[in-house]
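Note sheet for the following structure.
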Amino acid sequence: MSNMNRRRGRDDADAPLRAWGEGAGRRRHHHRPFDAEDPRGPGRRGGRGRGRGHGGPQGRGGPRRAGRGDVRAAVLLLLKEDAMYGYQLMQTITDRTNGAWRPSAGAIYPTLQQLEDEGMVHTSAEGGRKLVKLTESGRAYVEQNAESWGDPFAFAGSGPDLRGPLRDLHGAARQVQMSGTAAQVAAAEKILADARRALYMILAGDDAADQDTP
């Protein structure tokens, strides 16, 4: 790719920044378009966790990704409680879900831009950051629709989580692969194949139970 094409791609990616008043000279970070939102100052990264997901819970093997409706609903419901900065919205969602959902800047700021375009929110500059609050029409919209949204934070609750057992299983399988004999590796392969089939049978059993329910 030529330098001109790369620069054009960066300019397209920076369009939401310019719309929110971020200068072209600001240091760029992947999926971190609003460094001024970080309370530790420009150029610092914080409050995001290690994941890189756009909207949903971050990190490999996490719960399902949040859709655009989830992000939008979460933002609107939080803004109904109080005006917030973008960074505060990200951190509050993380806190409400006990860290299971860590929305990225790439999910929050485009959502805020869309809501501003729709007249749902109003922004005001304070100390280099933009405070976001609901407009009257935005507040009325939330009051009319909040019940149909349900709880956008509930899906990332503290239910069963397979990530730990999966890590343990991967570690054990790797040990067999590295240290086991050919017969042991073959036996482990059969166990894993049986486990995979058993997991699918769990889902098949749930589907069958649903079909039997009147």
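A few comments on the model shown:
- Matching residues in region 90-121 - criterion: being under 10 Å from the mean Cα position of the chain (by Cα) and more than 17 Å from Leu76 (Cβ to Cβ): Thr94, Ala100, Arg102, Ser104, Ala105, Gly106
- Every condition in (1) modelled with pLDDT of 90 or more; (2) surrounded by fewer than 10 Cβ atoms within 10 Å (Cβ to Cβ) holds for Leu203 except the one numbered (1).
- Look at (1) in contact with a helix residue (DSSP H, G or I) (Cβ under 7 Å, 6 or more places away or on another chain); (2) over 21 Å from Ala74 (Cα atoms) and you find that Lys133 fails only one, number (2).
Matching residues to (1) part of a helix (DSSP H, G or I); (2) surrounded by 13 or more Cβ atoms within 10 Å (Cβ to Cβ); (3) of a type outside the set (Gly, Ala, Ser); (4) modelled with pLDDT of 95 or more:
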position	(1), (2), (3), (4)
Pro110	yes, yes, yes, no
Gly119	no, no, no, yes
Lys133	no, yes, yes, yes
Ser158	no, no, no, no
His170	yes, no, yes, no
Leu199	yes, no, yes, no
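- Whenever a residue of region 86-107 is free of Cβ contacts under 8 Å to residues at least 60 places away in the same chain, its partners that are part of a loop (DSSP other than H, G, I, E, B) and of a type in the set (Lys, Arg), lying with C-beta atoms within less than 8 angstrom and at least six residues away or across chains, give the pairs Met90/Arg48; Met90/Arg102; Thr94/Arg102; Arg102/Arg48.
The values are calculated or read from the model by the stated rules, or taken from the named source; none is laboratory data. All values derive from a computational prediction rather than experimental measurement. Cβ: placed from backbone, ideal geometry, glycine included. Neighbour counts: every protein chain shown.
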